[in-house]
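The values are calculated or read from the model by the stated rules, or taken from the named source; none is laboratory data. All of these numbers come straight from a predicted model, not from anything done at the bench. Glycine gets a Cβ as well: all are built from the backbone with ideal geometry, and neighbour counts include every protein chain shown. Note: accessible area is taken over every heavy atom of the protein model, side chains too, but ligands, DNA and RNA are not part of it. Shrake-Rupley method; radii C 1.70, N 1.55, O 1.52, S 1.80 Å.
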Amino acid sequence: MKLIPTAVSGAMGVEVDAHADERGLFARTFCAEAFGAHGLATQFVQCNTSHNRLRGTLRGMHYQAAPKEEAKLVRATRGRAFDVAIDLRPASISYLQWAAVELDSERRNAFYIPPGCAHGFLTLTDECELFYMMSESHAPDLARGVRWDDPAFAIDWPFPPLVMSERDAMYEDYKGASS
């Protein structure tokens, strides 16, 4: 397993080393020791899955406010997605920067998103499914979001979304740490 730094401080691409033989393959997808050595979350208390019927589905950009900021470890279990993190931590060296990893179920890669970052994705295939490991339980009263196309972030999406929820489409421009 390789942890690959991105433009967002603490966000890591996770590449697996698959060992294949006549039976199939085996790959380590998470290691608390390796994550801990990089200062990343090592305990996850909730797992979620997101099934998306159509290519071009956008979900995001979501985060959870203090005191329940959450780290996420996200992977595609079916299909491919353009997965994005935006750094919303004012004290971070990468504040307001974004990073993306193309998640691919065939590559079995993942994206680690640190607490304090907004997260979202755009599906690149029909029938795309993502699996999330979360460091905090969902707290609906602390759920927040920022607009996917906010000029403050200037995310370079591969193409405009074709499907999104009304909630995701209605987020306002980011106004700083109090948003």
Selection count where residues are among the β-branched types (Val, Ile, Thr), more than 11 Å from MET133 (Cβ to Cβ) and out of contact with any Ser or Thr (no Cβ under 7 Å at 6 or more places or on another chain), scope the stretch 50-85: 1
Cβ-Cβ under 6 Å pairs, at least 6 apart or on other chains, the stretch 104-127 side without any contact (Cβ under 8 Å) to a residue 40 or more places away in the chain, far side basic (Lys, Arg): ASP104/ARG80; SER105/ARG78
The stretch 1-29: number of residues that are aliphatic (A, V, I, L, M) and not in a strand (DSSP E or B): 7
Residues that are within 24 Å of ASP173 (Cα to Cα) and among the polar types (S, T, N, Q), drawn from the stretch 118-148: THR123
Members of the stretch 31-73 found to be exposed (fewer than 15 other Cβ atoms within 10 Å of the Cβ) and of a type in the set (Lys, Arg), listed by number: ARG53
Residues (open to solvent by 30 Å² or more (accessible area, probe 1.4 Å), of a type outside the set (Val, Ile, Thr) and not in a strand (DSSP E or B)) located in the stretch 74-104: ARG89, PRO90, ALA91, TYR95, LEU96, GLN97
Criterion: aromatic (Phe, Trp, Tyr) and either in contact with an Asp or Glu (Cβ under 9 Å, 6 or more places away or on another chain) or within 25 Å of THR123 (Cα to Cα) (or both) - qualifying residue of PHE35, PHE26, PHE44: PHE44
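Residues checked against (1) charged (D, E, K, R); (2) under 19 Å from ASP149 (Cβ atoms):
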{"residue": "VAL8", "(1), (2)": "no, yes"}
{"residue": "PHE26", "(1), (2)": "no, no"}
{"residue": "ALA41", "(1), (2)": "no, no"}
{"residue": "THR49", "(1), (2)": "no, no"}
{"residue": "GLU70", "(1), (2)": "yes, no"}
{"residue": "ALA91", "(1), (2)": "no, no"}
{"residue": "TRP98", "(1), (2)": "no, yes"}
{"residue": "ASP104", "(1), (2)": "yes, no"}
Flag if PHE131 is outside any strand (DSSP E or B) and either crowded, with 17+ Cβ neighbours inside 10 Å or of a type outside the set (A, V, I, L, M) (or both): no
